[in-house]
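The values are calculated or read from the model by the stated rules, or taken from the named source; none is laboratory data. Predicted model only: the values in this text are computed from it and were never measured. Cβ placement follows ideal geometry from the backbone for every residue including glycine, while neighbour counts extend to all protein chains displayed. Surface areas here come from the heavy atoms of the whole protein model, side chains and all, with no ligands, DNA or RNA. Shrake-Rupley method; radii C 1.70, N 1.55, O 1.52, S 1.80 Å.
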Amino acid sequence: MNKEYVMVMVKILLLSVIAAVILGALYIPTQAQLKVYQEEQRQLSLKIVNPDADHFEPVKSGEETLYYQAFDASNNLVGYCFFHDQPGSQGTITLAGGINTEYTVTGVKIMGHSETPGLGAKIIEDSFTGQFPGVTKDDLMLSKDGGAIDAITGATVSSVAVIDGLHAAMDEIKANE
Amino acid sequence: MADMTIAGEFFRGIVKDNPVFALVLGLCPTLAVTTSVENAIGMSGAALFVLLGSNTIVSALRKQIPPITRIPMFIIIICTFVTIIDMVMEAYTPPLYEALGIFIPLIVVNCIIIGRAEAYANRNTVKFSIVDAFGIGAGFFVVLVAIGAIRELLGTGEIVLFDLKLISIPITPATFMILPGGAFMTIGVLMAMVNYNKIRKAKKGA
């Protein structure tokens, strides 16, 4: 009787181990491919958040890319682009932002988030991100605080997180330039 | 079961044991992903892959799987294949992955797959289990594409397949068809038609 139970356990264990090994072996190449794809997406996003720019140069600190300098076709610096992770109301919001040299926003794109569907998740919509282009750093706050951005109804935390993220990234660029 | 033929087992999966209309399994993904033909193809492709893998392994191991723990063991096998397709899709076909989203991981609990493992693969040879997987997979494919085509055509006025516009009709798109309500309506009407035919045939036979 006992031996039978042991055999059952051994079989489940064996099956699990085989499954784990197969998945582990597949994880490595698929993750590598995923990184390539994400990098492509990032390059495309740079163009979206800073449409006037022609090409981008990463500003690095060691291996890590801090932000990107945006140049026009005749190699004049026209602005900066950045990716920033900001804590939202449910999880991290990854946003891409572009600004010109006067620190006026040229574009915002939400790359990833885990905000509440139907509320905070609306930060990805054009009706929200479309408010940002043309807004100066001083006006970059909620309209109830005298700024130029209308918060999403019922999702003030998520809305503020996007704004705070932009400010944090801009401050970082300001400190560097 | 002595008179099983490969062709018979295959077509049984499409007609007599059609997973959606006859067995009424897997309705959740059927309703959710049939907003377009492209999603329908992606979903049934993924389901076929998992079904093929799980049916093969389950039937090969059927003498080794202890009856008291068969369900957990089926689930481990199914999970493995689902995770494989999940990782591969995410890496190599990101747009499709985004469109199907949560329904890929949910193939784990898709009752078509565990249903076939329990009712068929656990009792039949590897050869017939593979045929069964192809048959049921094809049945699922036919239904999903049919529903997807109806909903996409009526809901958007055109059918676009991998950036290729196949058909375009001059109607005002009824957004309702793309929403969940349209899925219920389409599947209800189709199922009524299938059952009507079945009853009529049965009466003729009698």
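Structure above, values below:
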{"item": "Set A:K109, A:K47, A:K60: member being away from chain B (no Cβ under 14 Å), in contact (Cβ under 8 Å) with a residue 24 or more places away in the chain and among the basic types (K, R)", "result": "A:K109"}
{"item": "Boolean, A:L66 is open to solvent by less than 60 Å² (accessible area, probe 1.4 Å) and out of contact with any Ser or Thr (no Cβ under 8 Å at 6 or more places or on another chain)", "result": "yes"}
{"item": "Any hit, the range B:46-68, residues being among the aromatic types (F, W, Y), under 23 Å from A:I22 (Cβ atoms), in contact with a helix residue (DSSP H, G or I) (Cβ under 8 Å, 6 or more places away or on another chain) and away from chain A (no Cβ under 14 Å)", "result": "no"}
{"item": "Residues satisfying the stated conditions in the range B:89-103, i.e. touching a helix residue (DSSP H, G or I) at 6+ places or on another chain (Cβ under 6 Å) and either closer than 23 Å to B:T30 by Cβ or modelled with pLDDT of 85 or more (or both)", "result": "B:M89, B:E90, B:A91, B:L96, B:Y97, B:A99, B:L100, B:F103"}
{"item": "For B:I169: the one exception among (1) at pLDDT 80 or above; (2) open to solvent by less than 60 Å² (accessible area, probe 1.4 Å)", "result": "(1)"}
{"item": "Some residue of the range B:10-23 being in a helix (DSSP H, G or I), more than 14 Å from chain A (Cβ to nearest Cβ), surrounded by 23 or more Cβ atoms within 10 Å (Cβ to Cβ) and aliphatic (A, V, I, L, M)", "result": "no"}
{"item": "Sole exception among (1) touching a residue at least 24 places away in the same chain (Cβ under 8 Å); (2) more than 14 Å from every other protein chain (Cβ to nearest Cβ); (3) outside any strand (DSSP E or B) for A:A73, by number", "result": "(1)"}
{"item": "Output for the range A:1-28, where each listed residue is facing chain B (nearest Cβ under 8 Å), in contact with a helix residue (DSSP H, G or I) (Cβ under 9 Å, 6 or more places away or on another chain) and of a type outside the set (S, T, N, Q)", "result": "A:V8, A:K11, A:I12, A:L15, A:A19, A:I22, A:L23, A:L26, A:Y27"}
